[in-house]
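*Asks:* Quick one: the structure is below, questions incoming.
The values are calculated or read from the model by the stated rules, or taken from the named source; none is laboratory data. Treat the numbers as computed from the prediction; the structure is a model and nothing was measured. So basically every Cβ, Gly included, is an ideal-geometry build from the backbone, and we count neighbours across all protein chains shown. For the accessible areas, the whole protein counts, side chains as well, though only heavy atoms, and no ligand, DNA or RNA atoms are used. Shrake-Rupley method; radii C 1.70, N 1.55, O 1.52, S 1.80 Å.
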Amino acid sequence: MHEPESALKKAMNLLKELSEDEEFRQQYEARQKFLRDQVSMMEGAREEGLKKGMEEGIQKGIKEGIKEGIKEGEAESKQKIAMNMLNLGLDQETIVKATGLTSAEVKAIQQEK
């Protein structure tokens, strides 16, 4: 039990001596400031990365949404055109060629009519 107390006393004495040394204390404080700055820069970079990732994700989502909306709009437009052509009495083959719809799609539109 005597040895641990002795080691503790030596450590305490060394700590006391070092804390009284002005140059050592300044070096220690400079090192601590450097470490805090590093942590702060890392946190800032992390937050910036998250923000950029979120913005890119939102932009990608918007672009995908626009593409999907355009596709749906084109499909709806083709169906309306096919319906108008059916109302004009045009044959199914002509409607397929004009709209790009399949024969089955034109038949389905005709049945809805």
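*Asks:* How many residues are free of Cβ contacts under 8 Å to residues at least 24 places away in the same chain and open to solvent by less than 60 Å² (accessible area, probe 1.4 Å) if we restrict to the stretch 76-88?
*Replies:* So the answer is 2.
*Asks:* Additional query: Give the residue, chosen from Ile66, Ile62, Ile81, Ile58, that is β-branched (Val, Ile, Thr) and under 16 Å from Lys113 (Cβ atoms).
*Replies:* Working: Ile66 fails: under 16 Å from Lys113 (Cβ atoms); Ile62 fails: under 16 Å from Lys113 (Cβ atoms); Ile58 fails: under 16 Å from Lys113 (Cβ atoms).
Just a single option satisfies the conditions, and that option is Ile81.
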